[in-house]
Each structure stands twice: as structure tokens, then as C-alpha cells.
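Here's the structure, in C-alpha cells; my notes come after.
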Amino acid sequence: MNTIQIYDTTLRDGTQSEELNLSTEDKLRIATKLDQLGVAYIEGGWPGSNPKDKRFFAEMQQYQLSTARLAAFGSTHAAKVSAENDANLLALIDSGASVMTIFGKTWDIHVTDALKITLERNLELIRDSLAFLRPHAKELFYDAEHFFDGYKKNADYAISCLGTALDSGADLLVLCDTNGGTLPEEVAAIMDAVRTRLPEARLGIHAHNDCELAVANSLAAVRHGAVQVQGTMNGYGERCGNANLCSIIANLELKMGYSCLPEGHLERLTDTSAFVAEVANLRCFKRQPYTGQSAFTHKGGVHVAAVRRNPRTYEHIEPELVGNKQRILLSDLAGQSNILFKAKQYGFELDKGDPFVLELLTELKNREDQGYEYSAAEASYELLVNRVLGRARNYFRLISFRIMDSVFTEGMEPFTEATVMLRVGGMIEHTAATGKGPVNAMDCALRKGLERFYPNLGEMRLLDFKVRVLTGSVREDGHGGTAAVVRVLIESGDQKSRWTTVGVSYNIIEASRQALEDSINYKLFKDDQKKLTQAIREI
Ligand SMILES: CC(=O)SCCNC(=O)CCNC(=O)[C@H](O)C(C)(C)COP(=O)(O)OP(=O)(O)OC[C@H]1O[C@@H](n2cnc3c(N)ncnc32)[C@H](O)[C@@H]1OP(=O)(O)O
Ligand SMILES: CC(=O)C(=O)O
């Protein structure tokens with residue numbers, strides 16, 4: 001099987017993304033993870049650019065990478081100084097990286113208008129920089145910036161830049177679609193032309209995503225002879241991003257018959273993608289092909305009915321191949337199959353046509369119509385199913401509650417107090433608490449009343465609170481705006497898991513109460529289930 005080298009530049013080109021900012025520590029964690037995934041090269045940064053990147057390379061000298069080689073990035077030397085005196089090239093040598101990648105100009109307007117030097121002088125920059133670095137690098141790559149645009153405008157000059165790099169010791173010439181404006185058929189034709197004119201050269205591809213074609217362009221380049229693909233995890237990068245390695249690796253391995261990662265490592269892809277997003281403190285892109293949470297998620301009843309019989313009916317690969325999994329959503333587009341799938345996941349074996357299934361489906365559709373959204377708040381639906389099927393109980397009853405906001409000093413935050421009356425078993429509990437806002441005050445009062453009976457509630461935290469005014473909820477009596485229906489989603493968690501619950505009402509406090517009550521009941525229900533499972537195991 002032919003091998004394609006995966007060159008990851010998340011830690012360099014990825015950090016040029018508007019929303020990405022990584023500390024040295026973050027970079028070390030990501031580098032370790034990329035090595036475990038098994039990419040061939042990790043471009044760690046530009047040591048001549050900033051102290052953070054310099055520190056990263058110094059720290060990396062203590063790490064033993066198992067699969068990847070560490071690459072340091074920089075430009076050809078500054079026109080005003082010689083290669084030997086160029087701080088940027090010296091920083092590359094100091095970095096201790098065994099692989100060095102330098103970018104140089106290949107598009108004539110970049111030479112004359114950006115660098116403001118002659119075309120001949122640029123060839124000297126390329127030649128002298130590579131020749132100077134050659135003895136210090138195990139591998140030396142030349143990134144031909146703007147190669148495709150340059151080739152289209154002045155093919156002879158673009159080729160002479162590549163030829164100079166090759167003659168000066170470059171092991172590999174990486175053709176860059178820096179502005180991301182090239183089409184796959186142009187990439188294919190230009191790759192063929194370069195291979196004809198420089199048959200001895202090994203070629204790579206570095207594509208940007210300005211036309212949403214970076215993955216397609218990378219695959220086209222491989223089909224036309226590229227042996228290395230550069231890109232970033234999750235496609236992070238400047239403007240519209242770089243070529244997304246998650247899609248490239250999966251496509252090359254699963255659709256095109258190439259090998260990119262060590263045997264058996266492809267199933268680490270989804271975890272690696274999520275890990276990088278987590279360290280970068282960015283939300284994962286749900287619709288990301290292969291590794292996104294929605295990539296194998298089914299919502300429509302017709303689809304769910306079919307995938308339950310044979311997943312291949314609506315899935316282009318087995319999700320497990322890339323470490324992902326199938327998910328089924330609940331919504332007003334569901335059919336009985338969605339309910340059966342979820343019920344099975346919760347431990348119930350039901351059949352199509354069962355009155356419980358029909359009741360649950362009707363209830364789901366009615367509630368979704370009122371504004372509940374169970375695909376985002378599955379804990380509420382799990383409780384509902386378990387209640388309808390008699391497995392879950394209400395752990396308490398909120399008999400009454402009152403919330404007061406008082407402003408004592410003009411311009412100061414209001415003082416919020418909640419009182420609640422609860423029934424737990426046969427006992428009545430009456431408590432009050434203050435909080436930062438009405439929902440927090442109600443949450444504190446509820447816990448204060450309940451923790452005596454259920455101490456495990458002390459482990460539970462509210463993690464997120466979202467309110468959405470539902471469009472189309474303007475009432476027939478003309479009351480919209482502040483009288484519109486709102487949906488509240490509350491995400492809660494303990495040491496082991498996170499869950500989301502939902503409430504809907506014209507009254508934001510009432511919607512929050514529903515979501516809060518579900519959240520507490522869910523925690524108590526799941527803890528009881530765990531205890532039961534443990535007790536059964538011990539019998
Ligand atoms: C296509 C790519 O992704 S290339 C990578 C782009 N990434 C970055 O720019 C991030 C890191 N960059 C930096 O930290 C800084 O820009 C530095 C340290 C490299 C340079 O900083 P400064 O010296 O202050 O220059 P500044 O950023 O204003 O301008 C870029 C300089 O690089 C020069 N330059 C650009 N490309 C090249 C090249 N291939 N070879 C030689 N010089 C180059 C420009 O001519 C300009 O120098 P000049 O003003 O003397 O003509
Ligand atoms: C080198 C590089 O990052 C580019 O040309 O896009």
C-alpha cells in the first residue's frame with residue numbers, strides 16, 4: 001500500500017486562525033497527542049517569530065516522539081542580510097528540530113511588490129537559505145508559497161524557484177495554494193506540469209480553504225503524485241482555514257487506499273480532533289465530516305428505521321473506523337424507530353406498535369411542538385421514558401416557590417431571595433436562600449431543602465444555562481416580545497458525567513424551574529440506577 005506523509009501544521013499555520021491561541025503547555029499537549037495519532041511530521045512553530053515558539057522547541061528536546069518528526073518553520077533569509085547572519089535561519093538551527101521547512105516566494109508579484117527585490121535576488125535568497133541550512137537538517141523542505149497562482153501568471157519563474165530549491169538541497173518541494181483560490185482540476189494539471197518539468201522532485205501539497213476546496217485540492221494533488229500532505233486538525237488556520245487533516249486522513253485511508261497512520265491508529269482520529277478542540281478551548285464543529293458529533297447522527301424517522309436494520313443505508317462508512325459512533329436524535333421528525341432505539345439504550349426492549357411506544361412518540365411530538373427540544377436535552381427525555389415505563393419516580397414535589405428581587409440602593413445589583421416549600425416522602429421542608437439572580441437563588445434553595453435527604457446532590461454543579469426566545473411564539477392575542485415563550489436549557493454535571501435538561505414556558509422562572517427539577521431528578525435517578533447495578537453485581 002502506498003504511504004502518504006501527513007505533515008501537521010496545527011501548531012504553526014493552525015495558530016494563525018483568528019480564534020486559536022495556544023500556550024507552550026497547550027502546544028506540548030497537542031504535539032504529544034498528534035504523535036500518538038501517528039502523523040509523520042509535527043510542525044511546531046516558527047522559532048524566529050516569538051519566545052513561545054522558541055520555548056516550545058526547547059521543551060520538546062526532552063520529549064521522545066514515537067512516530068512523528070518535529071519540524072521547525074521559517075522563511076528564506078531577509079534580503080538585507082546574508083543567510084549566515086539571518087536571525088530567523090539561526091533560530092531554526094537553534095531549535096534542535098531535525099526537520100526544517102522554509103517558505104519562499106514563487107509568484108513574481110510577491111517578489112517585486114511584497115519583498116521589493118528583483119526576481120534574480122529572490123532566487124539567491126532561496127539558494128543561500130537552503131544551502132546554509134542543509135548541513136544542519138536531517139530533512140529540509142521547501143514550501144513554495146503561492147505556487148499555483150505564481151505558476152498561472154509566470155510558469156517559468158515559478159518553476160525556476162522550485163528548481164533552485166531542489167538544486168540547493170531541498171528534500172521535498174511543497175506546492176502551496178496560499179490564497180486558497182485554486183480549483184482541483186487546476187491543481188491536477190499544474191502537478192502534472194511540475195512533474196514533467198522536474199521529474200526528480202518529490203512533491204507535497206499545502207492547501208488553504210478559501211473556496212472550501214482545500215481537502216479536494218489535497219486529494220487531487222495526491223492523485224497526481226504528491227507524497228506529502230500538509231494541513232491542520234479540524235482545518236484551523238488563517239481566514240477560512242487550512243486543509244482539514246481529519247477529512248484528508250480518513251479519505252486517503254478509507255476511500256483511496258493509501259496508508260497515512262500506523263496500522264490501527266485511524267480509530268484515534270475522532271478523539272484527537274476533539275482533544276485539539278478542547279485544548280484550544282473551541283467548540284467542536286458538529287458537522288465536521290468523519291469526526292464531528294453529527295457525522296453519523298440520524299434524526300429523520302425514515303433514516304432511523306433504515307439504519308436500525310442496516311447502518312450502511314445512511315452511513316458511508318462504519319463510524320467506529322474513525323473512532324466515531326452512531327447517534328439517534330429525538331425530535332418532531334422522529335418515528336417509532338427513534339423511540340425504540342432510545343428505549344433500548346435506556347434498557348427497555350419494546351416493539352413497534354407497543355402502546356407505550358405510541359404514547360412516547362405522541363408525547364415527544366406534542367412537547368416538541370410546544371418548544372421542548374429533546375435532541376439537545378436528552379436527560380429530560382430519558383426521565384420521561386423512565387417515568388412512562390414506571391422505572392423513575394419523582395424524588396420530591398415542589399409545593400410552592402417564591403422569588404423576590406429587591407433593589408435597596410439605586411444602581412446596585414438587585415438582591416435575590418428564593419423561598420421553596422417541598423415535600424420529600426412524607427416530610428414538608430420549607431427553606432430560603434439568596435443567589436446571584438433568580439435561577440441561582442431557586443437552585444440554592446432547592447438544594448438546601450433536599451441535601452438533607454439526598455447528600456449526593458452536593459456533587460452536582462450547574463455548568464451552563466441557555467435561554468432562547470422561541471420564534472413563532474408570538475401569541476394570537478398579540479403578545480410577543482417579552483411575553484413570548486422561552487426555552488431554558490440547563491447543563492449540569494458531577495465528577496463523572498454531564499447532562500442537559502429543558503423547560504418551556506411564557507415565564508422564564510417557570511421554564512428554569514422545570515429544567516432545574518429535571519436536572520436534580522436525573523442526578524438522583526442515575527445514582528439510584530448505579531447503586532442498583534452494583535447491588536445486582538454483588539449478589
Ligand atoms: C504563507 C504563510 O503562512 S507564511 C507565515 C506567516 N506567518 C507569520 O507571519 C507569523 C510569524 N511572523 C512574525 O512573527 C513576524 O512577521 C516576523 C518575526 C517573521 C517578521 O517580523 P518583522 O521583521 O517585524 O516584519 P513584518 O512582519 O513587519 O514584515 C514581514 C517581513 O518579512 C519579509 N518576508 C516575507 N516573506 C519573506 C520570505 N519568504 N523571505 C524573506 N523575507 C520575507 C517581508 O519582506 C518583511 O520584511 P521587510 O519589511 O524588511 O521587507
Ligand atoms: C507556507 C504556507 O503556510 C502557505 O504558503 O500557505
Top-ranked residue in the stretch 19-47 [being within 16 Å of ligand 2 (Cβ to nearest atom) and part of a loop (DSSP other than H, G, I, E, B); ranked as surrounded by the fewest Cβ atoms within 10 Å (Cβ to Cβ)]: LEU20
Under 6 Å by Cβ, and 6 or more places apart or on different chains, what pairs join a residue from the stretch 26-49 that is in contact (Cβ under 8 Å) with a residue 12 or more places away in the chain and farther than 23 Å from LEU89 by Cα with one that is of a type in the set (Lys, Arg) and surrounded by fewer than 20 Cβ atoms within 10 Å (Cβ to Cβ)? LEU37/ARG268
Condition met for ILE205 (within 16 Å of ligand 1 (Cβ to nearest atom), loosely packed, with under 15 Cβ neighbours inside 10 Å, under 37 Å from the mean Cα position of the chain (by Cα) and touching a residue at least 24 places away in the same chain (Cβ under 8 Å)): no
What are the residues in the stretch 25-35 that are within 18 Å of the chain's Cα centre (by Cα) and modelled with pLDDT of 95 or more, if any? LYS27, ILE30, ALA31, THR32, LYS33, LEU34
State whether the residues of the stretch 51-58 include one that is at pLDDT below 95, hydrophobic (A, V, I, L, M, F, W, C) and surrounded by fewer than 23 Cβ atoms within 10 Å (Cβ to Cβ). no
Is the stretch 252-260 home to any residue that is in the same structural domain as HIS224 (by TED's automatic domain parsing) and either under 29 Å from GLU25 (Cα atoms) or of a type in the set (Lys, Arg) (or both)? yes
If you check ILE317, ILE328, which single one turns out to be surrounded by 15 or more Cβ atoms within 10 Å (Cβ to Cβ) and either touching a strand residue (DSSP E or B) at 6+ places or on another chain (Cβ under 6 Å) or hydroxyl-bearing (Ser, Thr, Tyr) (or both)? ILE328
Residues of the stretch 332-372 being buried (at least 20 other Cβ atoms within 10 Å of the Cβ) and under 25 Å from SER497 (Cβ atoms), which ones? ALA334, ASN338, ILE339, LEU340, PHE341, LYS342, ALA343, LEU360, LEU364, TYR372
Filter result for the condition that a residue is surrounded by fewer than 21 Cβ atoms within 10 Å (Cβ to Cβ) and either within 13 Å of ligand 1 (Cβ to nearest atom) or not aromatic (Phe, Trp, Tyr) (or both), over ASP128, ASP177: ASP128
For residues that are surrounded by fewer than 20 Cβ atoms within 10 Å (Cβ to Cβ) and not hydrophobic (A, V, I, L, M, F, W, C), scanning just the stretch 1-18, find the one that is farthest from ligand 1 (Cβ to nearest atom). ASN2
Selection within the stretch 89-102 - surrounded by fewer than 23 Cβ atoms within 10 Å (Cβ to Cβ), in contact with a helix residue (DSSP H, G or I) (Cβ under 9 Å, 6 or more places away or on another chain) and under 15 Å from GLY44 (Cβ atoms): ALA91, ILE93, ASP94, GLY96
From the option list GLU139, GLU145, single residue qualifying as surrounded by fewer than 17 Cβ atoms within 10 Å (Cβ to Cβ) and in contact with a strand residue (DSSP E or B) (Cβ under 9 Å, 6 or more places away or on another chain) is GLU139
Sort out which residues of the stretch 488-539 are assigned to a helix (DSSP H, G or I) and aliphatic (A, V, I, L, M), and write them in order of number. ILE508, ILE509, ALA511, ALA515, LEU516, ILE520, LEU524, LEU532, ALA535, ILE536
Tell me yes or no: at least one residue of the stretch 347-354 is more than 29 Å from the chain's Cα centre (by Cα) and of a type in the set (Gly, Ala, Ser). yes
Residues being closer than 23 Å to GLN495 by Cα and touching a residue at least 40 places away in the same chain (Cβ under 8 Å): count how many of those fall in the stretch 417-446. 5
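The values are calculated or read from the model by the stated rules, or taken from the named source; none is laboratory data. Small disclaimer: the values here were computed from a predicted structure and weren't measured. As a convention, Cβ positions derive from the backbone with ideal geometry for all residues, glycine included, and neighbour counts pool all protein chains shown.
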